[in-house]
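Inspection log for the structure reproduced underneath, given as C-alpha cells.
The values are calculated or read from the model by the stated rules, or taken from the named source; none is laboratory data. Model, not experiment: these values are computed from the prediction. Ligands, DNA and RNA are stripped out before the accessible areas are found, and what is left, the full protein with its side chains, is counted by its heavy atoms. Shrake-Rupley method; radii C 1.70, N 1.55, O 1.52, S 1.80 Å.
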Amino acid sequence: MYYLYILQNEKTDRFYIGSTNDLKRRLKEHLRGKTRTTRVLKTNKLVYIEKYNSKKEARNREKKLK
C-alpha cells in the first residue's frame, strides 16, 4: 500500500505534499526534523491521506497536486 499525504503549517497555511509506502515512519521523520523542507516550513499537521495500490499511482497523484 502506498500513500499520498499532505502536511500543513497551521500558522501560515503552507502545505507539504508527499508520498510513501510507510506513512507512520515518514510522519515520524517529518516530526523529528529529518526532512529539510518540512523542517523549514514547519508543516507538522497531517491534514489529508489517500491510499494507492502502487507507487506509480501515488507519485502521479503527488505530481498533479504539486
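With every protein chain present, what is the per residue accessible area of the chain (1.4 Å probe, Å²)?
Ligands and nucleic acids excluded, the result is 74 Å² per residue.
In the full protein assembly as shown, how much of residue 50 is accessible to a 1.4 Å probe, in Å² to the nearest 10?
30
Round to a whole angstrom and tell me the spacing of the C-alpha centers of the range 13-33 and the range 44-64.
Distance between centres, Cα-based: 11 Å.
Please report the carbon-and-sulfur percent of the accessible area for the chain; probe 1.4 Å, protein heavy atoms only, DNA, RNA and ligands left out. Mind showing how you got there, number by number?
Values: 2220 of 4860 Å².
In the chain, the share of accessible area belonging to carbon and sulfur is 46 percent.
Specify the angular offset, from 0 to 90 degrees and rounded to the nearest 10, of the alpha carbon long axis of helix 55-65 from the longest principal axis of the alpha carbons in the chain.
Computed tilt is about 50 degrees.
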